[in-house]
1. Once Lys and Arg get +1 and Asp and Glu get -1 on their Cβ, which of 22, 62, 93 lies farthest toward the positive end of the dipole of the chain?
2. Using only the alpha carbon atoms of the chain, find the Kirkwood hydrodynamic radius as the inverse mean reciprocal pair distance, in angstroms to one decimal.
3. Could you check how much of the accessible area of the chain is carbon and sulfur, as a whole percent, using a 1.4 Å probe?
4. Cα convex hull of the range 39-108: how many Å³ per residue?
5. Taking H as built 1.01 Å from N, whose amide H comes closer than 5 Å to the amide H of residue 26, not counting residues under 5 places away?
6. With a 1.4 Å probe and all protein chains left in place, how much accessible area per residue does the range 1-74 have, in Å²?
7. Can you run phi through the Karplus equation (6.51, -1.76, 1.60; θ = phi - 60°) for the range 14-26 and list ³J(HN,Hα) in whole Hz, with x for Gly and Pro?
Amino acid sequence: MSEATPNVIGIKLKRKSKLLEVSFDNGEMFNITCEMLRVHSPSAEVQQHGNPILVTHKKEVNITAIEPVGNYAVKIVFDDGHDTGLFSWKILYKLGSHQVEIWERYLARLRTEKGSREALIAMNIKYS
């Protein structure tokens, strides 16, 4: 029998450092980069029915809005216009608790497919 996924009890966007701090009711807390959230979006556009596309050029992406969806998920709106992924507590917990392995797999895939993390258009955005 598998353990239930902990519930999210706090979400804090650290806009300047491009991190989303997610706290769970089991005491764990993770800082997940906006880039990681964007390239691993659970949206149908990214996941392609179990055959995820490689999302590139998102090193500078940030979050513009976080909208609650019931008591099980959030909709994250990114500054590149992507807004169709619903990040359930299970997805956020998986991304946070396994972020090193998930990120290494992403970087390996980037190398294999000759992709880049660098933004296509240089941006100098200042947040107050």
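1. Positive-most Cα among the choices belongs to 62.
2. Values: mean 1/r = 0.0654 Å⁻¹.
It works out to 15.3 Å.
3. Values: 4110 of 7870 Å².
Heavy-atom surface of the chain belonging to carbon and sulfur, 1.4 Å probe: 52 percent.
4. On the way: hull volume 6.7 nm³, N = 70.
Spelled out: Cα convex hull of the range 39-108, divided by residues, is 96 Å³.
5. Long-range HN contacts for residue 26: 7.
6. Details: 4170 Å² over 74 residues.
With the other protein chains kept in place, the range 1-74 gives 56 Å² per residue.
7. Once rounded to whole Hz, the list reads 9, 4, 5, 8, 6, 10, 10, 8, 10, 10, 10, 6, 8.
The values are calculated or read from the model by the stated rules, or taken from the named source; none is laboratory data. In this text, all values refer to a predicted model and were calculated from it rather than measured experimentally. No Cβ is skipped: glycine too gets one built from the backbone with ideal geometry, and neighbour counts run over all protein chains shown. The area values use the complete protein model at the heavy-atom level, side chains included, leaving out ligands, DNA and RNA. Shrake-Rupley method; radii C 1.70, N 1.55, O 1.52, S 1.80 Å.
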